[in-house]
Every structure is written in structure tokens, then in C-alpha cells.
Amino acid sequence: MTANKRRSRVLGPLVVVALILAACGGDSGDTTTTAGEATTTAAEATTTVVAETTTSAAAETTTSAAAGGEAVEITAGDSITATFLPKCTNIAVFPQANSGAEEAAAELGSDPAEFVGPADCGDTTGQIEFMTNAVTQGVDAIMLSNNSGDQLDAPAQAAADAGIPVVTWDSPIPSATGESVFVAQVDFDETGQVMAEMARTILGDDGGEFAILSATPDAANQNAWIAAMEEVLATPEFENLVLVETVYGNDVAEDSVTAALGLVDSHPDLELIMAPTTVGIVAAAQAMTQEGLCETIKVSGLGLPEEMAPYVESGCAPEFALWSFVDLGYLAYYVAYGIATEQIVAEEGATFVAGRMGEYEITADPTRDAGLRVLMGPFSKYNAENPGT
Amino acid sequence: MREWAAKHRWESILIVVLAATIVVNVSLSPFYLGFGNFVNLFWLSIEKIIVVIVMTFVIINGEIDLSVASVMGFSAAVMATLYEGGEMAFVLAILIGIVAGALAGLLQGLVITRFGLPSLVVTLAGLIGFRGAARVLLEDRSVGDFPEWFERIGQQTLFGPFPVALVLFFVGLALAWIILERSAFGRKVYVIGNSADVARFSGIEVDSVKVRLFVASGTVAGLAGVLFAARVGAVQGTLGETYELDIITMVLLGGVSIFGGSGSMLGVVLALFTVLNIRNGLGLANIDGITQTGVIGLLLIGSVLVPNLARRYRLRRPAPEAMAHGPP
């Protein structure tokens, strides 16, 4: 046996083991740069966000809409085939959204949409394949939370060319290519306003120092929210709130705890950590609780009520906010069903009634250069009076 | 027929697996049989299967190139950065991107041959290094808005219903087949893979062949990166990440020995068809991504276990034919 052969005898199995591990494990620890990954990337809790808190919100929308004539009530008709395509399937909020879509399908007498998607949110091009397959299958509608920036333009256009409405939810197609309408959870500017208001509530009128613990440095939605918040902070009403630093925990629990503790060390006068991510807010609350710092440093941001309940009770997180992913999926299905069954047309000014959630209007999307939007909003704020669980 | 099957055991197994896959797919989904789907099936993985062709040579030669996916990202990042600068004709940016891939291959080939380092280690460094370079070039941005003609190359059809990349794949495959199994160079690749020392004593310029293969690997990876950019219309620093695993999986599943020296282009093509059809069928049947990954993982384990167990079994029996490693 030659030296070369012997070497490959050793290396061969190594390669094989590495390949098997990689092929089977996926890349779960990976926090790859993904436009729009994030608050949506919640943690492991599986219970459902209570819908109750948002019904009052829907009622408000009802009064403000209705400008464009009689609203169409979307009613049960033919069963449609549809694909419900999340950023990835392994994060709690996406199955929650799908359960909302299933609820809507049941009300409309339709078969539930197929819930398929990449296994891992780090897989940004995986959605292309699912979109293409959905077009091949000739489904009646596609509901998409876009994780691929502009890379879905071509398959979304292919869907549009085939007459398949593409309703985006949670995360839109930036250029709106091939997209019928975007069902937005909240107004992205409003997120900044809400976070600033929560900070003021917690810090009081005399203000104080606070820091932001975000997801990844390149998460598009978090960055948009933080930018919106900074704009609000620049106004005189919020001049007493001092944002000292923004740090990133990559939506990984351990990294977020480390980042939160780092903030405590470097800012002795810190009074609040604001985390616009469901992973970061829990990590920060855990870290403050373990270090016994809850009296001096509070935690707020965007969080899942079922994960935050103990910290609301202990006073560590007096107030935080989120929208209901169940409602978001429910509304997205109503919109997709309405368009697919030609009860509504995706155009500016169209108004419709979506089951239990009430009336909505399709408008131009003010946050993008092109595209239409249905705004679900507003936030639900959770605190001791309304723990949401 | 039986004689062929005896000589090409692994290929025969693959034909059976492929046939079974097709039958299952037809029964699972009414959308599977259709020309459009057939084109999509290749098109969705086109960059991977283009690199599979050249990876076959590298592995038969007894080496491995783990850096291909990173080089894809690197080439595309170089192209995108130059394009973004706006000073340069885009065609030139594309060419420089591909040349960057070739240079990446050359560098690794030289390090491997001059310093006698294992390609596993050198290209692992390449995997990390060139990915890092791509990430540094693009940071966290996604560069898009390429000229329309470029995106058309990736998305529109050239001859009939075939996109450019698909035509490139089939032409490249035909050329590779001839070079590997019908040319002196291909013969050298096998001989070196069986034993580099024997090859050296026989007067084969071992190092030169190896370097040329790594340059080819880098060039093709660079081309694949550019085609990827054209197909999806955007370049990120993460472009192609982890593709090396799928690429090597297809080559190994094709019966190419990870130890070098044996394997055939037919086997690799059959493996590639099988993997693509399994993915496509599972996708059309709305099987979730986790299960898809699991199925491909099982396939990989099987593909490395079965031939190695079979070889061990055959080696125990002193049958002279068992020693025949080369191509048919």
C-alpha cells in the first residue's frame, strides 16, 4: 500500500463523517445574514398567542376604513388549494401563523393550505424551490413570508404570470414584483413609536439611560424598527431618554445573554434594555433575573406573552408588545382566499370584511416604493393588567 | 445485459433506485410528469450540478475540493463589488469574477502540490477563507439590480425551453464524459487516483494534473457563482453556502470512491438525476424541508456504506476481478 493510499484511508472516513453530520444536522446554530429575519424568529414556546387582545384593535380599524364604498364580506365558496410558505418551519411563530390560516380555511369551507418551507431560516434561497413547486402544482394562491429579499422576484413573477395570487405576510417582497398584496403585521414606523413610548413609561418622565439588544446586525425589520425609534427619540417629548448603545445577540439565546450582561458592565447608569426580538427579550430578562438586577434594570421590547409571563409577574419586564401571529395567518388566508375566489380585487381602495377580524382596506404601501398593503396592526401591549396568557 | 450489470454493479443499483424514484413520484404527484417540471428540476439546482461534473474529476484523482461553494460566493462577490463600483463594463466584471475563481483554484492547487499538504485541509481553509473574503467584500448587503440581459441569461430560455445554464450543463457534461473516459488526461486522472506514486514512476506529471484540476474546479465554481447570481438576480456574501455538501454527496452517491481511483461519469449522472428527482418529488408532494433533508442524509449514509461494505466483502474473497478499480 502506498503512502498516498494510506493517507486517504485516514482522510476518507473523516470526510464522510463530516458530510453525514452536516447533511443531517442542517445548520441550526447558524445566524446567517438574512434580510428580514428576526423578531419573527421567536423561541421555542408553542402555545398560541391569545387573540383576545387584538379584537379591540380590529374594531378600531373598522371605523377608520370603509372610505372606498361598501366593504365586501368574504364568504365561504369553493375550496381552494394553497401554499402557506413561511421563512422556515422550525420557529414557533410560523406554525402559530399557520394555525390562524387553518382556522380561516375551516371557516371558509376550504381545505387547509399546505404548510411547507425551508427547515432552517438560514436557508435564504430555499424558498425559491418551494415557490417554483407551488407554481408547478398550479395552486390557487400562495401565502409567503419572504426570507429572500429580491431573489423571489422571478418565481413570484412566474406565479403572477400563471394567474396565481401571491399574498405576502410578515415580510414582503421588497420590489413587490409578482406580489398581489402584503398583509403587514404592524406599521414599521409605528414599531419605533411603540418602543419609544414603552421606554418612556418604564423610565418615567425624568428619563434615563437605556440600550437596545437586537437580533443580527443585518436583520432588515429590526433595523427599520430601530431607525424608526431613533427618529422618535429625536423629538423633544423624548429628549430625556438616552440611547447609549445598540448591541446584537444574533437571535441566539446564549449570545443574547452575553450581550445583555456586557451592557450592564459597560453602562453603570443603565436603567432599561429594549429588545425588539422575542429571543433577545427573554434572554435579557433571564440575565437580569439571575444577576438580581431587576430592581435597577428593566427589560422591554417585543416578546411572546407566554414566554414573558414570569418576568411580568416578577416586575422585571413591566411592559412589552407584540402582534398575534395567529391573527396574521388568519388575515393572510382571508385575503388570499378572497382574491383567489375573485370576491375581492387586489387594488388600492378595495375594502373587505375578514371573518372575526373585521373590516380592512387595501392601500398603497407607504413603506415601499411599490406594492399594496393591508395593515393588520396595531400592537398589543402586555403588562401586569394584561399579561396575555 | 447481465454482463454489463455485473461489471457496473453500482450503476445498475442506481438505475433501479432512479426508476423506483420516478415511479413513486408519478404516483405521488400528478404534476411531476411535465416538460416544465422537468426543466425546473434541473434549473433549481443547476449551479450545483455544474460543479458536480468537475468535482467528479477531483475525487477520482484522489483529492477533494471543499472550497467550491465558497469560491462560488467569492466569484459572485467580486463580480458584484466591481459592478457596484459602477466604473467598469459589466462583462468585464463577470470575467474578472470567473478569473478570481480560477486563481482561487490555482492557489489551492499549488499549495497542495508544492507543500504536499492534504487537499482536505487546504480546501477546508479555502472554504473558510474565500467565504470570509466574500463576506468582507459585501458585508451584509445584497447586491442586485444587475443589467436586464444578465438576469435574462439566468432566467430566460435559450434554445426552446432551455435556460442558458442548462445548455452549459449538458455541453459540459458531454465534454467531461469524453475527457474522463476517452482521453489520455482522463486515464492519468484515474491512475493518479489509484496511486500517485505509481503514476509518478510511470512518468505522469502528477502535480501538473492536480493543479490543472484545481484550476478547473475553481473556474467552474466561479462560473457557477455567476450563473447563480444571474438566476436569482442578487448576490449576498452567503451565496451558495453549504452547497459543497450537496455537490460531494452527488459524486459519492454516484459510486466514485472517496479514496480515489474509481468511479464513472455514468454513475455520477445517475446519482445526480436520482437526487434531483427525489427532491422534486418530495417537494411536489408537499413533504416538509426537514424530511427532505433527512431522506437525502439517509441516501448519503447508504451511498458510502453500501459500496464500502461490498468492497470489504469482495476483498475478503481472493477474486482477481475485485482488484479492478479503473473505468470500464
query: For the subset of the stretch A:135-161 comprising residues that are touching a strand residue (DSSP E or B) at 6+ places or on another chain (Cβ under 6 Å) and facing chain B (nearest Cβ under 9 Å), which member is farthest from residue A:181 (Cα to Cα)?
result: A:151
query: Within the stretch B:98-131, can you find the residues that are closer than 16 Å to residue B:69 by Cα and within 14 Å of another protein chain (Cβ to nearest Cβ)?
result: B:119, B:120, B:121, B:122, B:123, B:124, B:127, B:128, B:131
task: Could you figure out which of (1) in a helix (DSSP H, G or I); (2) within 14 Å of chain A (Cβ to nearest Cβ); (3) closer than 30 Å to residue B:90 by Cβ isn't true of residue B:78?
output: (2)
- prompt: So which residues in the stretch A:236-265 are aromatic (Phe, Trp, Tyr) and under 20 Å from residue A:193 (Cα atoms), if there are any at all?
  reply: A:238
task: Report the residue count in the stretch A:74-91 for those that are surrounded by fewer than 22 Cβ atoms within 10 Å (Cβ to Cβ), more than 10 Å from chain B (Cβ to nearest Cβ) and not β-branched (Val, Ile, Thr).
output: 4
task: Can you confirm whether the stretch A:376-384 contains a residue that is part of a helix (DSSP H, G or I) and modelled with pLDDT of 90 or more?
output: no
- request: Report yes if residue A:148 is within 23 Å of residue A:338 (Cα to Cα) and touching a residue at least 12 places away in the same chain (Cβ under 8 Å), otherwise no.
  value: no
- request: Select from the stretch B:191-217 the residues that are among the small types (Gly, Ala, Ser), more than 14 Å from every other protein chain (Cβ to nearest Cβ) and part of a helix (DSSP H, G or I) and write down the one among them that is farthest from residue B:104 (Cα to Cα).
  value: B:208
message: Taking the condition of being surrounded by 21 or more Cβ atoms within 10 Å (Cβ to Cβ), in contact with a strand residue (DSSP E or B) (Cβ under 7 Å, 6 or more places away or on another chain) and assigned to a helix (DSSP H, G or I), how many residues in the stretch A:207-252 meet it?
response: 1
task: Look at the stretch B:81-106 and say how many of its residues are assigned to a helix (DSSP H, G or I) and free of Cβ contacts under 8 Å to residues at least 60 places away in the same chain.
output: 8
task: Identify, by number, the condition in (1) of a type outside the set (Ser, Thr, Tyr); (2) touching a residue at least 24 places away in the same chain (Cβ under 8 Å); (3) surrounded by fewer than 21 Cβ atoms within 10 Å (Cβ to Cβ) that residue B:55 doesn't meet.
output: (3)
- prompt: How many residues does the stretch B:291-308 hold that are surrounded by fewer than 20 Cβ atoms within 10 Å (Cβ to Cβ) and touching a Ser or Thr at 6+ places or on another chain (Cβ under 7 Å)?
  reply: 0
- line: Within the stretch B:231-262, residues more than 8 Å from chain A (Cβ to nearest Cβ), part of a helix (DSSP H, G or I) and either hydroxyl-bearing (Ser, Thr, Tyr) or in contact with a strand residue (DSSP E or B) (Cβ under 9 Å, 6 or more places away or on another chain) (or both) come out as B:243
- prompt: Considering the stretch B:89-146 alone, what residues qualify as being of a type in the set (Lys, Arg) and crowded, with 22+ Cβ neighbours inside 10 Å?
  reply: B:131
task: Of the numbered conditions (1) over 30 Å from residue B:186 (Cα atoms); (2) more than 21 Å from the chain's Cα centre (by Cα), residue B:77 fails exactly one; give the number of that condition.
output: (2)
field: The one condition in (1) of a type in the set (Val, Ile, Thr); (2) over 20 Å from residue B:109 (Cβ atoms); (3) modelled with pLDDT of 95 or more; (4) surrounded by fewer than 22 Cβ atoms within 10 Å (Cβ to Cβ) that residue B:226 fails to fulfil
entry: (4)
query: If you go through the stretch B:159-192, how many residues are farther than 20 Å from residue B:256 by Cα and not hydrophobic (A, V, I, L, M, F, W, C)?
result: 3
task: State yes or no: is residue B:13 modelled with pLDDT of 95 or more and part of a helix (DSSP H, G or I)?
output: no
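The values are calculated or read from the model by the stated rules, or taken from the named source; none is laboratory data. No experiment lies behind these values; they were computed from the predicted model shown. Ideal geometry is used to build each Cβ from the backbone, glycine not excepted, and the neighbour counts take in all protein chains shown.
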